[in-house]
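Every number in this text was worked out from the coordinates using simple rules, so none of it is lab data. Computed from a predicted model, the values in this text were never measured in an experiment. Note that each Cβ is placed from the backbone with ideal geometry, even for glycine, and that neighbours are counted across all protein chains shown.
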Amino acid sequence: MRGSKPAVAALALAAWAAVLSAQPAPADSAFGEQIDVDVVNVEVYVTGEDGRPVTGLERGDFTLSEDGKPMRITNFAAVDPPAVPLAAPEAAAGTAPEASPAEEGAAADPLYLAVFIDNTQVTASHRSRVLRQLRDLLTRRLAPGDLVLLATFDPGLHVRLPFTADRTALAAALDAVQKVAADSGSDTRARRFAWQQVLQIRELAFVQMSMESKGDGGGGRREESGDQAGGGNRNGSEGAGPCPLDIADPVKAYAWEALQRVLGSIGGLNALASSLSGLSGRKALLHISDGISVTPGEDLFRGLNALCADAQGLLEYHGSQASLDAQTYSTAKAWSDLAARASAQRVTFYTLQASGLEGSSAASAEFDGRERFFQAPEIDRIQRENRRGSLVALADGTGGRAILDANDLAPDVARIEDDFGHYYSLGYAPAHQPAHQNDGRDHTIRIKVDRAGARVRHRKVYRDLSPLERVVDHTYSSLVLGNEDNPLGIKLEVGAAAPAGRGLWALPVRLSIPLSRLGLQTREDSFDGKLRVLVIVSGADGERTPIRQVEVPIRIPRLKALVALGQYYVYEMKMTLRGGEQRLAVTVRDEATTTTSYLARMLQVGAGL
């Protein structure tokens, strides 16, 4: 994310021109979930004390409330597929054994499983270990109709393999991902280096105080430096001593850099989760990382708190300030918002801590014994909880599972597999929602089951997405997944790129929109309408521009209406792009009828044209 240039620098509007044409081509096949805005569907996972799925429950066993108000369950299905072993991918296709009536259950919806590997937050060795243990689930044990997508964040979101049921292609993609560079402990080194700088600043302050004391003829207060001062100033974990104002600068610099990496990861997850909105059926996102700090640098600020607890004077950094400074780097709300947004898309997060169960940090001679700070139980606890917090928030908020401290993934993988095959689907009509209206707010869902010892998991937040929010999410789906839906019959043409200086290229993109498909309002002397155009671009490095939106008014004089309605409205966007491969997504929404077209194109800008 740092230092990248935007893929789209500018959009310029052009007047429309009539273009004579035959009837538009038929609209592309539609994608996207048919959403009944009057019904909210929730997948519910019920397990017993042994962790195994609880089957045989009925509608009356469940109670559901939204924002504390009881809701009537209008739709109910118990999904419990027959316990029939699946054939290996390489086995010849055949007829599966017929299930007996006792084994039959509701058919499971198709599963879209997106695997997201955050290469900025995982070491290569941890990634290899996890993928080795997940391979059997992903390539052999999923149901034949389940589709898997493989994506990485490097930084920048990269779809390494689009959704596919081809297990051979998936195995090859997993092998290829192993060759992609991953973080090899850079964050750990940066943390240690920041703390080393803190201690150096303090040691210099001790030296300066000592010199000033000697300058007073020995009559002033003298501070001891090194391990003699305060019983351990060299390891920086205890003892009174000077804390100049700049002592927190290395920690702040580290926390800011780490924060940018965390926000990049959140952005990548947001884009992928939003892109799944255009898919029907169940959607799960398997997130693989070593954990991502909710508050980057919190352990170092806690160290400053202890180090500078007894700081005196107006020109010194006080320990109490460290706690306040730490919170300026908190991403807790961003993780909560991500979970809520994923819940709105019926995306369930399964988060996997690839580092597994780790012991306390080992001392390193590189830091002259000062590694003792990171071995302190309180500091180690803060760092561990910080990295787990994001994983737990995503899993709990969407009804999934967080896999923590697991070196052997087999038991947890089996539980994930149980979730994919055994669940209950509940639907209810929201009390806050009049027919065909959306309030754009988050609502809390609570579900209880009348079964002793049963444990219930489900998405806890439902966001009643506004129509525009749904359009934005489907635009991400076009960008990331390449999905198209063109009921307006729009023609998208890309012109020749021209050099625009500084390595950028000017690229004209033209939209030809059949006027006959638009909802136009009759005025005294004209027919009026309005379009909303959304544009987003992603480069080969995975960097995305913000979604640009513009409203386009249409006015056709009555005297020209008969001729114009058989023609196209032409809208041209002037785009400034970097050279290389770019993916373009364009959405056009007719505001009168809410009919929306989603278009996507791969572009080769500059070299190779």
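Each residue of segment 152-160 is assigned a 3J(HN,Hα), and the resulting list reads 10, 10, 10, x, x, 7, 10, 7, 7 Hz, derived from the Karplus form 6.51 cos²θ - 1.76 cosθ + 1.60 (θ = phi - 60°), x at Gly and Pro. Calculated FRET efficiency, residue 333 to residue 65, Cβ-Cβ distance, R0 = 25 Å: about 0.55 to the nearest 0.05. Using the Cβ-Cβ distance between residue 50 and residue 72 with R0 = 35 Å, the FRET efficiency computed as 1/(1 + (r/R0)^6) comes to roughly 0.65.
Normalising the average separation of contacting C-alpha pairs (under 8 angstrom, six or more residues apart) by the number of residues puts the relative contact order of segment 492-592 at 39 percent.
In terms of its alpha-carbon gyration tensor, segment 444-594 comes out oblate; a/c meets the 1.5 threshold, while b/c is at least as large as a/b. Highest-first packing order for the peptide set 335-348, 483-496, 513-526, 395-408 is 335-348, 395-408, 483-496, 513-526, based on the mean count of other beta carbon atoms within 10 Å. Listed by chain and number, the lysines whose alpha-carbon sits under 23 Å from that of residue 69, ignoring those within fewer than 8 places in the same chain, are 448, 460.
For residue 309, the amide hydrogen comes within under 5 Å of the amide hydrogens of 319, counting only partners 5 or more places away or on other chains and with H modelled in the peptide plane.
Straight-line cross-link reach from residue 574 at under 26 Å between alpha-carbon atoms covers these lysines, not counting any fewer than eight positions away in the same chain: 5, 491, 530.
In this calculation the C-beta distance from residue 565 to residue 498 is compared with R0 = 30 Å, giving a FRET efficiency of 0.30. Site pair residue 172 and residue 141 shows an inter-label distance of 2.6 nm when each label is modelled 7 Å from Cα along Cα→Cβ. Look at the alpha carbon pairs under 8 Å that are at least 6 residues apart: their mean separation over the length of segment 240-412 gives a relative contact order of 30 percent. Across segment 476-485, computed HN-Hα scalar couplings (Karplus, 6.51 cos²θ - 1.76 cosθ + 1.60, θ = phi - 60°) run 4, 4, 5, 5, 7, 9, x, 6, 10, 8 Hz from first to last residue, x flagging Gly and Pro. Computed extension length for residue 555-residue 260: 101.7 nm, one decimal, from 0.36 nm per residue of separation with the Cα-Cα distance subtracted. Residues of segment 551-580 falling in the label zone of residue 602, defined by backbone nitrogen less than 15 Å from a point 7 Å along Cα to beta-carbon, are 580. Taking amide H as placed 1.01 Å from N in the peptide plane, residue 530 has its amide H under 5 Å from the amide H of 554, 591, 592, each at least 5 places away in sequence or on another chain. Loop-located trypsin sites (Lys or Arg not before Pro) in segment 139-179 (DSSP state other than H, G, I, E, B) with a sparse environment of at most 15 neighbouring Cβ atoms within 10 Å: 179. Sequentially through segment 511-527, phi angles give Karplus couplings (6.51, -1.76, 1.60; θ = phi - 60°) of 10, 10, 10, x, 5, 5, 9, 9, x, 10, 8, 7, 10, 4, 10, 7, 10 Hz, Gly and Pro residues having no value and appearing as x.
Applying 0.36 nm per residue to the separation of residue 595 and residue 381 and subtracting their alpha-carbon distance, the gain on full extension is 71.8 nm. Beta bridges assigned by DSSP with both partners in segment 240-412 are antiparallel in approximately 10 percent of cases.
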